[in-house]
Ligand code: AGP
């Protein structure tokens, strides 16, 4: 596939730069201010079913799985339905119990990933209700599912997913808001989330304007032998996605851990040649995250924080704009896409086509 790079050196850079427009697209025509909710035309989910479902299970691979983890947290927070995400590639092989009052959601950029498609087919065979959160219109997963939400990120050419990841997280925020307003989410909270969603495109532009500084930080990180990415709760899927991004495009080994788990083992890896990227939002876990930064500093580990304010214990902080806490994961990953891109650029990697990888994995 090829289309105009619009003056960018790679599709990855172009697709990172397009994110404000892409988020604008996923929101367009869907917000219903009158009822403080969203309209999702293709969802095909009866409100009675939305009220009575007992569980949501989200399935996807790689970045789609990470976006699904953000989605599960949003659904739990806004709709108060127990929700979790699992790699579709694991789910399909473990003869999972398929429950009648569980809503299954398959997530995919391409809509053609074989593991995710096979999980959908197995679920359908067992009579489950399966929705899709998919980017490519009319793709196999879009066709096999009972309905869903299109992500509207536009074509994504770089093997490494960026704008589609962000748009998928926003699509889940829309779905969570929709389910929440059918269940217990108040009008005031609905409005609060809608206001937050509307701020996203402008805030993404603000984050992208920090690129020159992120490029400088990347020059140092290009020498790392390995990197740690840590976050708590909402920050953890962000850390996982950022770690995957860096691995895919720079070939630097990276690990992602819940910050709370560091002391249970991975702290042994911290030393000057292993920098840490910490996701530190101003939420109710801020003090806990600061304590983690101290633990890392005490082991001479270099720290880059992604935060809402400068972090004293960090060597560098990328400050991102504040939004509603539930939407923090949408914004906090974006500077780390740029970090992965610039690290790969310093190392001279084949950014749009990393070795050993394909854009969509359509075989077993
Ligand atoms: C993302 O950067 C990856 N290249 C990869 O993990 C990808 O997200 C995964 O293969 C799933 O693809 P899909 O979204 O097209 O299903």
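The values are calculated or read from the model by the stated rules, or taken from the named source; none is laboratory data. This one's a predicted model, so the numbers in the text were calculated from it and none came from an experiment. Positions of Cβ are backbone-derived with ideal geometry, glycine not excepted, and every protein chain shown enters the neighbour counts.
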Quick check on my filter: what residues within region 21-59 are within 16 Å of the ligand (Cβ to nearest atom) and assigned to a helix (DSSP H, G or I)? 22, 26
If you scan region 248-265, which residues turn out to be surrounded by fewer than 18 Cβ atoms within 10 Å (Cβ to Cβ) and either in contact (Cβ under 8 Å) with a residue 40 or more places away in the chain or in a helix (DSSP H, G or I) (or both)? 251, 260, 261, 263, 264
Single match in 249, 277 (criterion: modelled with pLDDT of 95 or more and in contact with a strand residue (DSSP E or B) (Cβ under 8 Å, 6 or more places away or on another chain)): 277
Go through region 134-158 and give me each residue that's surrounded by 23 or more Cβ atoms within 10 Å (Cβ to Cβ), more than 10 Å from the ligand (Cβ to nearest atom) and under 18 Å from residue 174 (Cα atoms). 148, 149, 153
So which residues in region 212-246 are in a helix (DSSP H, G or I) and surrounded by fewer than 18 Cβ atoms within 10 Å (Cβ to Cβ), if there are any at all? 212, 213, 215, 216, 219, 220
Some residue of region 305-313 being touching a residue at least 12 places away in the same chain (Cβ under 8 Å), in contact with a strand residue (DSSP E or B) (Cβ under 8 Å, 6 or more places away or on another chain) and within 18 Å of residue 226 (Cβ to Cβ): no
Helices (runs of 4 or more DSSP H) wholly in region 60-126 with at least 3 residues that are away from the ligand (no atom under 13 Å from the Cβ) and surrounded by fewer than 19 Cβ atoms within 10 Å (Cβ to Cβ) - which ones? 114-125
Sole residue being surrounded by 22 or more Cβ atoms within 10 Å (Cβ to Cβ), within 16 Å of the ligand (Cβ to nearest atom) and at negative phi, chosen from 344, 358: 344
Within region 323-332, identify whether any single residue is more than 21 Å from residue 15 (Cα to Cα), out of contact with any helix residue (DSSP H, G or I) (no Cβ under 7 Å at 6 or more places or on another chain) and more than 16 Å from the ligand (Cβ to nearest atom), and answer yes or no. yes
Quick check, is residue 271 more than 16 Å from the ligand (Cβ to nearest atom), surrounded by fewer than 19 Cβ atoms within 10 Å (Cβ to Cβ) and under 23 Å from residue 70 (Cα atoms)? no
Do we find a residue being surrounded by 15 or more Cβ atoms within 10 Å (Cβ to Cβ) and out of contact with any helix residue (DSSP H, G or I) (no Cβ under 8 Å at 6 or more places or on another chain) anywhere in region 12-26? yes
Is it the case that region 159-178 has a residue that's part of a helix (DSSP H, G or I), more than 16 Å from the chain's Cα centre (by Cα), away from the ligand (no atom under 16 Å from the Cβ) and more than 28 Å from residue 346 (Cα to Cα)? yes
